[in-house]
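Colleague: I have a structure here, written as structure tokens, and I will follow up with some questions on it.
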Amino acid sequence: MTDAGDELSRRGRVDPGLAEEFPGLRINSARVGRGSGRSTRGLKQRLRLLSDRMAGAQAIAIRNRPIPWAYRVFFRHIGLDPDEQPTPIEEAVRERLLRGGFRSNNLLDDALTVAIVESGVAVRAFDADRITGDLAIRPSLAGEELEGRPGLLPEGTLVIADDARSLALLFGAIGSGRGVTPSTQAIELVALGVPGVPEISVEEALWLAVDSMN
Amino acid sequence: MSALFELKPNPADDQLRITPEIDHVESTPNETRVARVELRRQIARMERELGELFADTFPRRGIDWSVGAAGGPRVLGLGELERIRDDLAERVADAKVEIAERADHEQGSRELVERMIADPAEHRWVRVRSEDVGEPGCRHWHSRPRWGFIGLLCNWWRVKLSSGCPLATGSRENAARSPSTTLDLGLQVT
């Protein structure tokens, strides 16, 4: 169920060179016409159920499941170490083990946790009103910078960008002021699919996140 | 085309060796791209293998699973992909050797426990930890005199199985201070 102000999933652009190197790399997004806020009772209950399903044995074996494994492999392919910088699903599972469960923080974080844990797909959020045009995955240009990050980005750094600028490092930090804050009025939920992740899973992840926020 | 080192499994010792396949020659962009695709395929295969080893060996600790980053996120070149592939292969090989050694050690420890239980007096003060037999927790088997000093005088020995810490991982302070465990039989013989 979606509310007014919500949009169906949109497919963003992937730089042609990147698309050729990594077939299956994709970025889908959906707009939610509200900010974050306090989590709901239903969402908290859902987190508790997820916690019960994600015990130690499942957590250890998660890296070998198809979708989490695909993210680990992609991290290796782009020069990231998935053990130093965990993939989103492994980061969520790690938090579950350390904290004894999926703890409720706020509506957005809880929705993202549900989407990531249920689907295994990487989902993140931006302030929708601070996005210009369409989203894309592309290499950074010479002289480009990421807001809030000192210095320039090394040319060729993979970023999530809109028509005007880089918004975040791919699977990394979000630029200052581009993420969701208490003053955010609309949220852009972004799902990142990598080679080996079915498109339907990416769509499902977005739907889970949108549905959880409504 | 830059040398494409294909890792070949050695049935004799079950370790991977690096064998140069192709001499250095000029490569076209398409050949370079094909080489990158092949290297990524190899990286994916070894990541799978490393993950399966990790899952199989858990909760044993002290095995190095790290490979290291390459300054991403970005598109890596042939040389960088080769380095990651080689590092993964080395990590897989090292892990297999470590696991095999631990398996032998754990089997020996289990047999020692059986011998201790069968004849505690022959294994006076010997202690075997649960970690030595590949089990989680902090239990240990300890050959001790029955009834303390009386048992010591009368040569009455028994194997006492400690159930371990009252907390799952011990006190929070001790867990933070304790070093990572090493392969140690933990025998105490007097």
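Colleague: Among A:A142, A:I116, A:A128, whose Cα sits farthest toward the positive end of the charge dipole of region A:104-161 (+1 at Cβ of Lys/Arg, -1 at Cβ of Asp/Glu, about the Cα centre)?
Modeller: A:A142
Colleague: What accessible area per residue, rounded to a whole number of Å², is obtained for region A:144-214 using a probe radius of 1.4 Å?
Modeller: 39 Å²
Colleague: Moving to a separate point now. Peptide B:148-159: average number of partner chain Cβ atoms within 10 Å per residue?
Modeller: So the per-residue partner count for this stretch is 0.
Colleague: Which one of A:S104, A:W69, A:A92 has its Cα pushed farthest toward the positive end of the charge dipole of chain A, where Lys and Arg give +1 and Asp and Glu give -1 at the Cβ?
Modeller: A:S104
Colleague: List the residues of region A:56-75 that lose 50 Å² or more of accessible area once all protein chains are present, compared with their chain alone (1.4 Å probe, heavy atoms only, no ligands or nucleic acids).
Modeller: Buried by the other chains: A:I60, A:R63, A:N64, A:W69.
Colleague: Counting only other chains, what is the mean number of Cβ atoms within 10 angstrom of the Cβ of each residue in peptide B:38-46?
Modeller: What the average comes to for B:38-46 is 3.
Colleague: Taking the convex hull of the alpha carbon atoms in region A:32-173, what volume per residue do you get, in Å³?
Modeller: About 128 Å³ per residue, rounded to a whole number.
Colleague: So what is the relative contact order for region A:1-153, in percent, with contacts set as C-alpha pairs under 8 Å and at least six apart?
Modeller: Once normalised by length, the contact order is 28 percent.
Colleague: Can you compute 3J(HN,Hα) from phi for each residue in region B:148-163, using the Karplus curve 6.51 cos²θ - 1.76 cosθ + 1.60 with θ = phi - 60°, rounded to whole Hz and x for Gly and Pro?
Modeller: For region B:148-163, the Karplus curve yields x, 5, 5, x, 5, 5, 8, 6, 9, 10, 8, 9, 9, 9, 7, 7 Hz.
Colleague: Any idea how far the Cα center of region A:154-168 sits from the one of region A:85-147, in Å?
Modeller: What the calculation gives is 16 Å, centre to centre.
Colleague: Still on this structure, please answer the following. Indicate the gyration tensor shape class of region A:1-95 (rounded, prolate or oblate), computed on the Cα atoms with a ≥ b ≥ c the square roots of the eigenvalues: a/c under 1.5 is rounded; otherwise a/b larger than b/c is prolate and the rest oblate.
Modeller: Oblate, because a/c is 1.5 or more while a/b does not exceed b/c.
Colleague: Using alpha carbons only, how many angstrom separate the centre of region B:28-62 from the centre of region B:130-165?
Modeller: 44 Å
Colleague: Taking accessible area as the heavy-atom solvent-accessible surface of the protein chains with a 1.4 Å probe, which residues of region B:62-95 lose no less than 50 Å² upon going from the isolated chain to the full protein assembly?
Modeller: By number: B:P73, B:R74, B:V75.
Colleague: If you don't mind, another one. Per the 1.4 Å probe, what fraction of the accessible area of chain A, in percent, lies on carbon and sulfur atoms?
Modeller: Ligands and nucleic acids excluded, carbon and sulfur reach 51 percent.
Colleague: Moving on to the next point. Ignoring everything except DSSP H segments at least 4 long, calculate the 222 nm mean residue ellipticity for chain A; use -39,500 (n - 2.57) per segment, divide by total residues, nearest 500.
Modeller: Calculated from helices alone, the mean residue ellipticity at 222 nm is -11000 deg cm²/dmol.
Colleague: Tell me, what ³J(HN,Hα) does each residue in region B:72-88 have, in order and in whole Hz, if you take phi through Karplus 6.51 cos²θ - 1.76 cosθ + 1.60 with θ = phi - 60° and put x for Gly and Pro?
Modeller: In residue order, the calculated couplings are x, x, 6, 7, 8, x, 4, x, 5, 5, 4, 5, 5, 4, 5, 5, 4 Hz.
Colleague: Could you compute how much accessible area chains B and A hide from each other, both sides summed, with a 1.4 Å probe? Nearest 100 Å² is fine.
Modeller: Chain pair B/A: roughly 2300 Å² of buried accessible area.
Colleague: Next up: Explain nothing, just compute: Karplus ³J(HN,Hα) = 6.51 cos²θ - 1.76 cosθ + 1.60, θ = phi - 60°, for every residue of region A:180-197 in order, whole Hz, x for Gly and Pro.
Modeller: In residue order, the calculated couplings are 7, 10, x, 8, 5, 9, 8, 10, 9, 8, 10, 10, 10, x, 10, x, x, 9 Hz.
Colleague: Taking all pairs of different Cα atoms in region B:68-137, averaging 1/r and flipping that mean, what Kirkwood radius in angstroms comes out?
Modeller: This gives a value of 15.5 Å.
Colleague: What residues have an amide H closer than 5 Å to that of B:R158, excluding those fewer than 5 places away on the same chain, when H is modeled at 1.01 Å from N in the peptide plane?
Modeller: B:R144, B:R146
Colleague: Specify whether the C-alpha gyration tensor of region A:105-214 places it in the rounded, prolate or oblate class, a ≥ b ≥ c being the square roots of the eigenvalues: rounded for a/c under 1.5, otherwise prolate if a/b is larger than b/c and oblate if not.
Modeller: Oblate, because a/c is 1.5 or more while a/b does not exceed b/c.
The values are calculated or read from the model by the stated rules, or taken from the named source; none is laboratory data. Keep in mind that this is a model prediction, so the values were computed, not measured. Glycine also receives a Cβ, built like all others from the backbone with ideal geometry; neighbour counts cover every protein chain displayed. Protein only, heavy atoms only, side chains kept; ligands, DNA and RNA dropped before computing areas. Shrake-Rupley method; radii C 1.70, N 1.55, O 1.52, S 1.80 Å.
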